[in-house]
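Shown next, in structure tokens, is the structure this report addresses.
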Amino acid sequence: MQQTPDNSRLIKFWLVVAATLVGAILRLYNLAHLPISSGFDPADYGLDALAILDGDLPIYLATNFGREVLFSYLVAGIYAAIGLSDFGIHLASAFVGILTIPMNYVVAGELLRSSGRPLKYSGHPLKYSGHHLVRHWGPVLAAFVLAVSYWHIVWSRFGVRAILAPLFVSLTMFLLLRALRSGREKDLFLAGLAAGASLYTYQIGQLLPFLVLAVLFIDYWSRRKEQRPSTYLRSLIWLLIPFLVVALPLATYAWQNPRAFNQRVRDVAVVEAAQPLAGQL
């Protein structure tokens with residue numbers, strides 16, 4: 001039977017479902033007992049969740065050397081749904097890890113779609129050559145690679161907020177790439193929201209806005225002869241407004257509590273301002 005473009009999309013859909021199921025099994029199997037113990041860091045998120053359920057609504061957590069708060073809210077939500085136990089902490093990170101698998105497929109598809117001309121269908125889903133084959137099936141491969149990634153499985157089961165970073169990087173870049181391809185302000189607005197929310201995930205989220213600006217500048221520079229600077233200025237405004245609104249509470253906390261904010265980063269930094277440049281290097 002001859003394949004059609006719809007058949008090809010259906011095949012990819014079920015392959016991504018299969019990748020997500022494989023990833024879910026690897027992240028959920030015996031989760032109540034592996035890892036063997038929660039350790040100090042996951043336990044802190046459990047304590048945060050208890051405080052949130054008691055009515056505390058933190059913007060940033062100064063305990064345990066300073067931590068972003070979004071993961072603790074997620075643990076609190078799971079506690080409210082299934083009850084209190086350290087299993088809920090690990091279930092929160094496993095849920096995020098599983099969700100990242102289809103998100104990885106989506107962002108890979110958008111990245112590859114934005115990299116060249118549209119694919120020409122040849123009558124069979126495997127009859128593509130060279131970069132066309134990569135662009136057509138690469139996103140599916142990306143989903144499977146993440147599903148079985150040792151490091152991502154470990155962090156998905158461990159129960160700490162770092163697992164949020166890949167999800168929000170993927171989400172933000174997907175929305176940004178789609179916005180640059182489609183030119184829709186709605187996608188730029190959503191990308192700004194995602195970039196702002198990433199600040200509440202993990203320290204590395206503080207670098208994501210700079211990555212967004214870099215992508216926007218590279219896109220402008222590559223198309224500077226065909227689009228006016230005012231077009232990108234408007235895009236920047238659509239990005240910045242939601243980003244600043246979401247980031248404002250955390251920025252206010254950082255301004256009011258400079259010693260508590262990012263204490264963990266300062267404690268492990270190898271650069272000391274008091275030393276000369278040669279010593280820092």
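The values are calculated or read from the model by the stated rules, or taken from the named source; none is laboratory data. Only a predicted model underlies this, so the values are computations on that prediction, with no experimental measurement involved. FYI the Cβ positions are ideal-geometry reconstructions off the backbone, even for glycines, and counts take in every protein chain you see. Just so you know, the surface numbers come from the protein's heavy atoms only, side chains and all, with ligands and any DNA or RNA stripped out. Shrake-Rupley method; radii C 1.70, N 1.55, O 1.52, S 1.80 Å.
Worth a mention:
- Members of the range 156-177 found to be of a type outside the set (A, V, I, L, M) and surrounded by fewer than 21 Cβ atoms within 10 Å (Cβ to Cβ), listed by number: Phe158
- Sub-6 Å Cβ pairs linking a first residue in the range 173-191 that is without any contact (Cβ under 8 Å) to a residue 40 or more places away in the chain and farther than 16 Å from Tyr220 by Cβ to a second residue that is among the basic types (Lys, Arg) and in a helix (DSSP H, G or I), at least 6 apart or interchain, are Asp187/Arg178, ordered by first then second residue.
- Single condition Gln227 does not satisfy, out of (1) more than 30 Å from Tyr60 (Cβ to Cβ); (2) free of Cβ contacts under 8 Å to residues at least 40 places away in the same chain; (3) in a helix (DSSP H, G or I); (4) not charged (D, E, K, R): (3)
- Leu180 farther than 30 Å from Ala94 by Cβ, modelled with pLDDT of 95 or more and of a type outside the set (Val, Ile, Thr): no
- Criterion (among the hydroxyl-bearing types (Ser, Thr, Tyr), touching a Pro at 6+ places or on another chain (Cβ under 9 Å) and under 20 Å from Ala195 (Cβ atoms)) met by exactly one of Tyr232, Tyr220: Tyr220
- Test: residue in the range 194-206 that is open to solvent by 50 Å² or more (accessible area, probe 1.4 Å), modelled with pLDDT of 90 or more, assigned to a loop (DSSP other than H, G, I, E, B) and within 21 Å of Tyr73 (Cβ to Cβ): yes
- Just one of the listed residues (Arg264, Arg228, Arg234) is among the charged types (D, E, K, R) and exposed (fewer than 12 other Cβ atoms within 10 Å of the Cβ), namely Arg228.
- From the options Leu207, Leu216, residue that is more than 26 Å from Tyr45 (Cα to Cα), among the hydrophobic types (A, V, I, L, M, F, W, C) and under 22 Å from the mean Cα position of the chain (by Cα): Leu216
- Residues located in the range 64-97, provided they are assigned to a helix (DSSP H, G or I), hydrophobic (A, V, I, L, M, F, W, C) and either open to solvent by 10 Å² or more (accessible area, probe 1.4 Å) or out of contact with any Ser or Thr (no Cβ under 8 Å at 6 or more places or on another chain) (or both): Leu70, Leu74, Val75, Ala76, Ile78, Ala80, Ala81, Ile82, Phe87, Leu91, Ala92, Phe95
- Only listed residue being open to solvent by less than 80 Å² (accessible area, probe 1.4 Å), out of contact with any strand residue (DSSP E or B) (no Cβ under 6 Å at 6 or more places or on another chain) and at pLDDT 90 or above, chosen from Leu190, Leu216: Leu190
- Of all residues in the range 40-63 being touching a residue at least 40 places away in the same chain (Cβ under 8 Å) and assigned to a loop (DSSP other than H, G, I, E, B), the one that is least open to solvent (accessible area, probe 1.4 Å): Tyr60
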